[in-house]
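This report concerns only the one structure given below.
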Protein chains: 2
Amino acid sequence: MSDDPELRRDPVTGRWVLIAPKRARRPMGLSGANPRHRTNRERTPCPFCPGQEDDTPNEVLAYREPGTVPNGPGWRLRVVPNKFPAVWPDGGERNPPTPSGNAEGGGLFFSTSAIGFAEVLIECPQHVDSPTLLTDEQFRNVFIAYRERMTALAADPRLAHVAVFKNVGAEAGASLGHTHSQLIATPVVPQLIGTELACAEDYFVRTGRCVFCDLVKQELADGSRVVTHSERFVVVTAFAPRFTYEMWVLPLKHEPRYEAISDSTALELAFLLKRVLHALDAVQESPAYNWFLHTTPLRGGEPPHYHWHLELTPRTSRPAGLEWGYSCHITTAAPEHAAEELRAALGT
Amino acid sequence: MSDDPELRRDPVTGRWVLIAPKRARRPMGLSGANPRHRTNRERTPCPFCPGQEDDTPNEVLAYREPGTVPNGPGWRLRVVPNKFPAVWPDGGERNPPTPSGNAEGGGLFFSTSAIGFAEVLIECPQHVDSPTLLTDEQFRNVFIAYRERMTALAADPRLAHVAVFKNVGAEAGASLGHTHSQLIATPVVPQLIGTELACAEDYFVRTGRCVFCDLVKQELADGSRVVTHSERFVVVTAFAPRFTYEMWVLPLKHEPRYEAISDSTALELAFLLKRVLHALDAVQESPAYNWFLHTTPLRGGEPPHYHWHLELTPRTSRPAGLEWGYSCHITTAAPEHAAEELRAALGT
């Protein structure tokens, strides 16, 4: 059997999965560590630290001090291909992917070469395990680099979607502690984004409005789940959370694409999110968490019904049979109560 | 804020979640234990052991030695209400639940009292942490008791669905080691079942056939993912797995409802699954795992397009941002390779 990564579609639900045998070899610096909370115990030397540039593939983007050279020290932020990728750029065209529905005629088993790009965004040179320790400028640069890489990847006509996410702590799936994000560009749209798009379109057809715009309006009017807001964003605890303290960061104004973010809006987002993460660390003793961007797929145009946003899921519980088997999550605190605690921690 | 459990619907995707503040108080006998593998370290005395019947609510079903009395020792299998339930029987009718679509008129925020039943099925009196240690008769009784409780719960007209699942090991969400299953009956159909039903119906409309019947046929013809089979069942590694070594147990003959299972078929299923679990323990050093039944919802009639089955998901990796944020799973071994290893362990 080949070691090449593969995309497969579930014959019943159409859910795409990645099978990537080479990932089995990646370093697990954080495994064996306390999985619930974050930790500093890990592999040395850290492959993401300055001086270890040889330990990663060549950078595809870097913000650098003047006069420094690529793949050497002197960088402030660095994006490199993942050494243990779940997708690969040279997959050829074994089967042209078709994004939805069951296969016609040729049977139920549909797979394709996992063409794509898996990148690691090293957020800062200093070896810190939390984005709350970034300066405002560093944090802003993370959001600008997301935009730059998504825009660059969009130029490859084979790609349909870029997932942009961050894992903090072993329980949240981080294999290395040095604070970093990931981008995974694929030729198909992942199931959860497809569901969101379809539901949002359905809402638009029925009402003539964007469901996220309505959500923002109703959350601001209600107030009980609002954690904080700024000129252009509101942060709420999710009305129907998968994890206690799950939060959504929503732009107030309708904007289908994250890539449209300006430098000044990126700074506002960074400033807001950093404060929220400090509050989360305070109320939940620095939990493991993920965040992920949800934005319009690369070939989706500028839909009137979709609105980019960022979701933040602290690992406040361990999903079991009801979650995995039925997609039904159980949490133990009302989002309104979680918002109250977070507001108190923010001092607002 | 009230402590009563609540069902809420995500305003965008329609996903139902449970919010159950009382669950925060449940004992976590396995927390702090090695989360990846199973372990014996836990709370004593075990509330599921004979002699500790006072530690659980009164039994709703028990298979007992002749002459023994309810809620005392002498049972061979025992079903009790969950002491820390995610749903409750006396919720009244705060809002009559509507199972799909976005709320009309009344805004985006839809919640209802989490009416329902949460039950624990204690599979045997002896304190063992793996169903492989059950006798064939005990294992069969588990499957018969699933049927009995689902049939009894179906009589409550408020209920729409019964989730039947098992968590083995702390990483899979088990809070107590003594081998047990769970049933959670709810007034709504969980999202993943709704998706499976809709996709299967769509396939039926297009082809006139049940997608699961076609899957069985194609898996048997292909053979590469077949782990083992019996007169009435086949076990395959999932074509598009969420976890490495994920397996599906499929009845060969079309049958929409698990509740139709006969005593002799339950014995065949028990015997088959026990062998498969031994093989899984051998190739993956006794991993944590879940299994869950997927069957037609209580009010779903006898659909020609749906076919009950059991899914088994070993916790062979730790889901991160791509899984939680996009429903896109990454695994590291081809299902065909996993099936080969499992067949070797079975000696077939």
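What residue, of A:242, A:232, A:225, is within 13 Å of chain B (Cβ to nearest Cβ), out of contact with any Cys (no Cβ under 6 Å at 6 or more places or on another chain), surrounded by fewer than 23 Cβ atoms within 10 Å (Cβ to Cβ) and of a type outside the set (Asp, Glu)? Spell out the reasoning first.
Numbers: A:232 fails: within 13 Å of chain B (Cβ to nearest Cβ); A:225 fails: surrounded by fewer than 23 Cβ atoms within 10 Å (Cβ to Cβ).
That would be A:242, the only listed residue that is within 13 Å of chain B (Cβ to nearest Cβ), out of contact with any Cys (no Cβ under 6 Å at 6 or more places or on another chain), surrounded by fewer than 23 Cβ atoms within 10 Å (Cβ to Cβ) and of a type outside the set (Asp, Glu).
Quick test for you: out of B:245, B:203, pick the one residue that is in a loop (DSSP other than H, G, I, E, B) and of a type in the set (Phe, Trp, Tyr).
Values: B:203 fails: in a loop (DSSP other than H, G, I, E, B).
Exactly one residue qualifies, and that residue is B:245.
Can you find a residue that is surrounded by fewer than 19 Cβ atoms within 10 Å (Cβ to Cβ), over 18 Å from residue A:313 (Cβ atoms) and either touching a Leu at 6+ places or on another chain (Cβ under 8 Å) or β-branched (Val, Ile, Thr) (or both) anywhere in the range A:193-210?
Looking for residues that are surrounded by fewer than 19 Cβ atoms within 10 Å (Cβ to Cβ), over 18 Å from residue A:313 (Cβ atoms) and either touching a Leu at 6+ places or on another chain (Cβ under 8 Å) or β-branched (Val, Ile, Thr) (or both), one finds at least one in the range A:193-210, hence yes.
I need the full set of residues from the range B:302-312 which are of a type in the set (Phe, Trp, Tyr) and either closer than 20 Å to residue B:166 by Cβ or surrounded by fewer than 24 Cβ atoms within 10 Å (Cβ to Cβ) (or both), in order please. Steps first, please.
Step one: filter the range B:302-312 for residues of a type in the set (Phe, Trp, Tyr), giving B:306, B:308.
If the condition is that a residue be of a type in the set (Phe, Trp, Tyr) and either closer than 20 Å to residue B:166 by Cβ or surrounded by fewer than 24 Cβ atoms within 10 Å (Cβ to Cβ) (or both), then B:308 is the only one that fits.
Within the range B:279-293, take every residue that is touching a strand residue (DSSP E or B) at 6+ places or on another chain (Cβ under 7 Å) and either among the charged types (D, E, K, R) or assigned to a loop (DSSP other than H, G, I, E, B) (or both) and give me the one that is surrounded by the fewest Cβ atoms within 10 Å (Cβ to Cβ). So that I can check it myself, show each step before the final result.
Going residue by residue through the range B:279-293, those that are touching a strand residue (DSSP E or B) at 6+ places or on another chain (Cβ under 7 Å) are B:280, B:284-293.
Then keep just the ones that are either among the charged types (D, E, K, R) or assigned to a loop (DSSP other than H, G, I, E, B) (or both); that gives B:285-286, B:288.
Numbers: B:285: 10, B:286: 18, B:288: 25.
Selected residue: B:285.
Within the bounds of the range A:294-305, is there any residue that is in contact (Cβ under 8 Å) with a residue 24 or more places away in the chain and not in a loop (DSSP other than H, G, I, E, B)?
Among the residues of the range A:294-305, at least one is in contact (Cβ under 8 Å) with a residue 24 or more places away in the chain and not in a loop (DSSP other than H, G, I, E, B), which makes the answer yes.
Considering each of B:315, B:275, B:299 in turn, give the residue that is crowded, with 22+ Cβ neighbours inside 10 Å and of a type in the set (D, E, K, R). Break it down into steps so the answer makes sense when it comes.
Details: B:275 fails: crowded, with 22+ Cβ neighbours inside 10 Å; B:299 fails: crowded, with 22+ Cβ neighbours inside 10 Å.
Only one candidate qualifies: B:315.
Identify the single condition in (1) part of a loop (DSSP other than H, G, I, E, B); (2) closer than 14 Å to residue B:342 by Cα that residue B:239 does not satisfy, given that it satisfies every other one.
(2)
Specify the residue that is nearest to residue A:10 (Cα to Cα); the eligible residues are those in the range B:248-275 that are assigned to a helix (DSSP H, G or I) and aromatic (Phe, Trp, Tyr).
B:258
Check every one of the strands (runs of 3 or more DSSP E) wholly within the range A:1-95 and list those with 1 or more residues that are within 14 Å of chain B (Cβ to nearest Cβ), at pLDDT 90 or above and under 22 Å from the mean Cα position of the chain (by Cα).
Working: elements: A:6-9, A:16-19, A:61-64, A:75-81.
Strands (runs of 3 or more DSSP E) meeting the threshold: A:6-9, A:16-19.
If residue A:250 satisfies every condition in (1) assigned by TED's automatic domain parsing to the domain that holds residue A:118; (2) in contact with a helix residue (DSSP H, G or I) (Cβ under 7 Å, 6 or more places away or on another chain); (3) of a type outside the set (Lys, Arg) but one, which is the exception?
(1)
Out of curiosity, is residue B:170 within 11 Å of chain A (Cβ to nearest Cβ) and surrounded by fewer than 23 Cβ atoms within 10 Å (Cβ to Cβ)? Walk me through it before giving the result.
Details: within 11 Å of chain A (Cβ to nearest Cβ): yes; surrounded by fewer than 23 Cβ atoms within 10 Å (Cβ to Cβ): no.
Against the criterion (within 11 Å of chain A (Cβ to nearest Cβ) and surrounded by fewer than 23 Cβ atoms within 10 Å (Cβ to Cβ)), residue B:170 does not qualify.
In the range B:252-272, is there at least one residue being under 21 Å from residue A:328 (Cα atoms), within 11 Å of chain A (Cβ to nearest Cβ) and buried (at least 16 other Cβ atoms within 10 Å of the Cβ)?
Within the range B:252-272, not a single residue is under 21 Å from residue A:328 (Cα atoms), within 11 Å of chain A (Cβ to nearest Cβ) and buried (at least 16 other Cβ atoms within 10 Å of the Cβ).
The values are calculated or read from the model by the stated rules, or taken from the named source; none is laboratory data. Just so it is clear, the structure is predicted and the values come from calculations on it, not from any experiment. Don't worry about glycine lacking a Cβ; one is built from the backbone with ideal geometry, like all the others, and counts go over all protein chains shown.
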